[in-house]
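Below you'll find the structure, written out as structure tokens, and then a few comments.
Please treat every number below as a calculation from the coordinates, not as lab data. Note that the coordinates shown come from a computational prediction; the quantities given were computed from them, not determined experimentally. Don't worry about glycine lacking a Cβ; one is built from the backbone with ideal geometry, like all the others, and counts go over all protein chains shown.
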Amino acid sequence: MSAGGDEVRYLLLGPVAVTGPTGPVRLGGPKQRAVLASLLLRANQVVSDDQLVRLVWGKQTPANARGQLQIYVSGLRKLLGRSTIVRRPPGYLIEVAPGELDLAVFSATVDQAVGDLAAGLTERASERLRTALALWRGPALGGAPESIVEREGPSLEEQRLAAFEHFFDAELAMGRAAQLAGDLHRLVREHPYRERLCWQLMLALHRTGRTSEALAAYTDIRLRLATELGIDPGSRLQELHQRILRGDDCAELVARPGGAAPEPATASGTTAPDATSTSTTAPGEEVRPAELPHDVRGFVGRERELATLSQPGDESIPDIWVISGMAGVGKTALAVHWAHLARDRFPDAQLYVDLRGFDADHPPLTPAAALSQLLRALGTDPRRIPAEVDAQARLYRSVLAGQRVLLVLDNARGADQVRPLLPGGGPATVLVTSRDRLGDLVARDGARALALGVLPAADAHDLLADVLGAHRVAAEPEATRELARRCGQLPLALRIAAANISANPNTSIAAGLAELVADGLLAGLAVDGAATSSVAAALMVSYESLPTDLRRLFRRLGLFPGCEFTAHTAAALDNTTVAEANRRLRTLAAANLLEQHAAHTYRFHDLVRLFAAARAIDEDTGTDRDIARERLFAAPPAPACSSGA
């Protein structure tokens with residue numbers, strides 16, 4: 001039966017299911033359910049074929065996975081209606097209306113309840129949260145394969161637990177501690193490291209006269225954290241423990257929405273926040289975020305780039321840098337390393353956000369989500385953060401005004417994702433890393449461009465020496481040089497190859513190199529036991545970000561036997577005009593999938609050429625490849641370029 005109609009419901013919070021106007025829809029087996037769940041988890045967004053394959057099959061991907069995927073999608077279209085799941089290169093999109101997906105209804109209801117809590121409307125918040133939690137019919141994604149449950153289930157379970165915690169906040173604020181102990185005991189047993197649940201359990205027990213049990217609960221979590229993780233409970237839990245030991249009845253404690261520290265209640269029993277405040281910190285306490293990831297061990301080279309980033313700028317305006325380069329060239333490593341070297345220049349805050357612009361498993365971070373993350377890091381009360389991105393950006397710029405702040409915006413997809421996150425003025429420095437050149441940010445926002453290429457030969461040698469050991473490299477200089485050459489002096493490739501060789505200290509570099517190329521160089525440039533940590537996987541993310549016409553040209557160029565090509569070459573291979581081919585080549589170069597060698601000449605990095613050729617073999621028919629080659633050989637030679645062209 002088809003689910004088409006006004007009463008369709010998609011269910012993920014429990015066994016994966018669909019109900020239509022006449023009742024449940026009979027779905028197929030686990031793989032079909034996994035395809036449906038993967039699309040629904042990203043409802044109204046395009047999910048690429050490769051991402052669907054990873055979600056549905058995990059590491060056990062069959063050779064004909066794409067063909068099977070098409071079969072499952074075709075079956076779902078018959079069940080749900082052909083217009084429900086649409087083909088949008090490079091994947092598929094499921095169209096879901098408001099109210100049709102239980103996960104979306106759950107999330108929206110919880111968000112409304114959190115707003116009610118912030119406004120002191122605890123009764124209404126409690127009712128909304130009861131409604132939201134009632135949507136759960138069991139563990140999420142039931143009936144789907146382990147590959148998708150293991151990847152997506154923890155995030156959904158985290159949302160369920162957060163909703164429970166908000167519910168307990170509301171109930172505690174209304175003095176209903178007696179009814180909560182059973183559920184809190186059960187959840188603490190299931191999630192023994194979750195300190196917020198333990199805080200709520202201790203408070204509920206203490207308020208109902210079960211103080212000894214409250215103290216025992218604290219002892220349990222303290223011992224567990226010390227024994228298994230080697231850490232102490234957080235300050236909030238320790239403070240509550242001390243108050244209970246002192247005999248404080250803790251009657252005035254209520255929990256802040258979002259799990260922030262407890263605060264005194266007003267006479268009405270609810271918090272009365274200052275509507276003009278933007279901070280959650282106590283009087284006199286300053287928030288000085290230091291969020292930089294750990295520095296890169298064995299960072300080599302890049303002296304010119306480090307010196308360029310250190311050039312003094314005009315302190316009246318933010319200093320914005322766009323560090324761009326191909327996948328695996330070391331953009332993040334450079335940004336983080338320089339940030340650590342310069343962090344003393346930014347005493348007010350060192351902020352870091354992964355924008356997930358080129359992430360195989362997650363959609364890009366929205367400006368609203370990034371601004372919320374930054375505002376929280378800067379000490380802004382979550383309840384004060386507006387919902388609209390423009391209002392968030394205004395508040396963010398106000399908070400940063402006049403401060404010496406370093407902001408690393410890593411892995412950006414485009415200028416529109418970055419622009420709302422830029423400080424408004426003052427002595428701030430922003431480092432943006434991206435596989436795209438982000439020319440719009442340079443043109444419109446005054447950013448300075450820093451293009452990152454592969455390592456010089458000497459630095460590539462030093463990187464290999466750092467990973468493999470200087471003595472091994474010195475003993476095999478020719479093999480080391482050949483290893484660096486085969487890796488195209490690309491830092492990611494060098495580190496992967498060296499890591500695999502160093503895993504066996506009895507293997508020579510020459511033997512490791514032979515093993516690296518035995519089954520194909522790209523296949524060898526993958527971390528042993530972690531296929532997703534590979535050069536090919538990194539390039540795949542860049543490739544999948546391209547529109548259909550650019551992906552086709554990219555594959556066609558992989559068929560070209562020469563080292564360098566022009567727009568005339570590309571036009572012949574792709575059966576298009578020279579002008580259109582030139583535009584597409586410039587776009588591929590801006591995405592750092594091509595190198596512009598001269599004014600009219602382009603070339604691949606060696607590893608990118610191998611990847612493009614592999615994509616052509618995997619995605620194009622032999623006939624299509626032969627026709628493209630025939631067009632190339634039949635095309636007239638390109639005219640010589642004038643010096644003024």
**Asked** To the nearest 10 degrees, how steep is helix 509-518 against the longest Cα principal axis of the chain, on a 0 to 90 scale?
**Response** 90
**Message:** Could you tell me how far the Cα centroid of segment 434-477 sits from the Cα centroid of segment 75-126, in Å?
**Reply:** 43
**Request:** Compute the long axis of helix 622-634 from its Cα atoms, compare it with the longest principal axis of the Cα atoms of the chain, and write down the angle in degrees, 0 to 90, nearest 10.
**Result:** 50
**Request:** Could you work out how far the C-alpha centroid of segment 221-243 sits from that of segment 27-43, in angstrom?
**Result:** 41
**Asked** Taking the DSSP beta bridges in the chain as the whole, what percent of them are antiparallel, to the nearest 5?
**Response** 45
**Straight-distance crosslink candidates among lysines, where the alpha carbon sits under 17 Å from residue 31 and sequence neighbours closer than 8 are dropped** = 59, 78
**Request:** Would you please name the trypsin sites (Lys or Arg not before Pro) within segment 136-172 that are DSSP coil residues with at most 14 other C-beta atoms within 10 Å of their C-beta?
**Result:** 137
**Fill in**
Phi-derived 3J(HN,Hα) across segment 101-112 with the Karplus relation (6.51, -1.76, 1.60, θ = phi - 60°), rounded Hz, x for Gly and Pro, is 10, 4, 5, 5, 5, 4, 4, 5, 5, 5, 4, 5
**Message:** With the cut-off at 1.5 for a/c, could you classify the chain from its C-alpha gyration tensor as rounded, prolate or oblate?
**Reply:** prolate
**Prompt:** Is the shape of segment 303-451 best called rounded, prolate or oblate, per the rule: a/c under 1.5 gives rounded, else a/b larger than b/c gives prolate, else oblate, with a ≥ b ≥ c the square roots of the Cα gyration tensor eigenvalues?
**Reply:** oblate
**Request:** Describe numerically, in nm with one decimal, the distance between label points set 7 Å from Cα along Cα→Cβ at residue 440 and at residue 121.
**Result:** 3.7
**Prompt:** In percent, what relative contact order does segment 457-539 have, based on Cα pairs under 8 Å that are 6 or more apart in sequence?
**Reply:** 26
**Prompt:** Cα axis of helix 30-41 to longest principal axis of the chain: angle in degrees, 0 to 90, nearest 10?
**Reply:** 80
**Prompt:** Using alpha-carbon pairs under 8 Å, 6+ residues apart, how would you state the relative contact order of the chain in percent?
**Reply:** 9
